[in-house]
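Encoded as structure tokens, the structure appears first; notes follow it.
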Amino acid sequence: MKIEMEVKAFGKVEVQGAKDAFKGVELMSVHKLSKDTTLGELETLLSTLFEEVENGYKNPEQCAGKITIRAKKENGEIVYLG
């Protein structure tokens, strides 16, 4: 099944001449994984993505992650997309 992972880091920064300014860094990855993949394995993959984002943006005010599994119901059964 296709698993999409996304991590965003953002926060306020100082920019000369601007009242307010914000910086953001976002990474997204797509994985083809077995239906038997555990939550722990997903957490490990997401943790790696968090590390990548935090390497590009030290000490963000917020850092948030999201995991998406796409599926549809077809003929009464759930079918995973991808």
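When the P(r) is computed for the chain, the part past 16 Å accounts for 60% of the Cα-Cα pairs. Helical content alone sets the calculated 222 nm signal of the chain at -7500 deg cm²/dmol, taking -39,500 (n - 2.57) per DSSP H segment of four or more residues and averaging over every residue. A run of the chain free of exposed loop cleavage sites, with GluC sites (Glu not before Pro) counted only in DSSP states other than H, G, I, E and B and at most 15 other beta carbons within 10 Å, reaches its longest extent at 15-60. Spin-label pair Ala18-Lys66: with each label point 7 Å from Cα along the Cα-Cβ axis, the two points sit 2.3 nm from one another. Going from the residue with the fewest nearby Cβ atoms within 10 Å to the one with the most, Tyr80, Tyr57 rank Tyr80, Tyr57. For the stretch 46-82, list residues with backbone N below 16 Å from a point placed 7 Å from the Cα of Leu33 toward its Cβ? The answer is 46-51, 65-71, 80-82, whose backbone nitrogens lie closer than 16 Å to the label point. Note on Lys66: lysines with a C-alpha under 24 Å away, same-chain residues under 8 apart excluded, are Lys2, Lys8, Lys12, Lys23, Lys32, Lys35, Lys58. Can you give the angle from 0 to 90° between the axis of helix 39-56 and the longest principal axis of the chain, with both taken from C-alpha atoms, to the nearest 10? Around 20 degrees separate the two axes. For the stretch 1-74, trypsin sites (Lys or Arg not before Pro) meeting the loop criterion (DSSP other than H, G, I, E, B) and having at most 16 other Cβ atoms within 10 Å: Lys19, Lys35, Lys58, Arg70.
Readers should treat all values here as calculations from the given coordinates under stated rules, not as data from a laboratory. Quick caveat: nothing in here was measured; it's all calculated off a predicted structure. With ideal geometry, Cβ positions are generated from the backbone for all residues, glycine too; neighbour counts draw on all protein chains shown.
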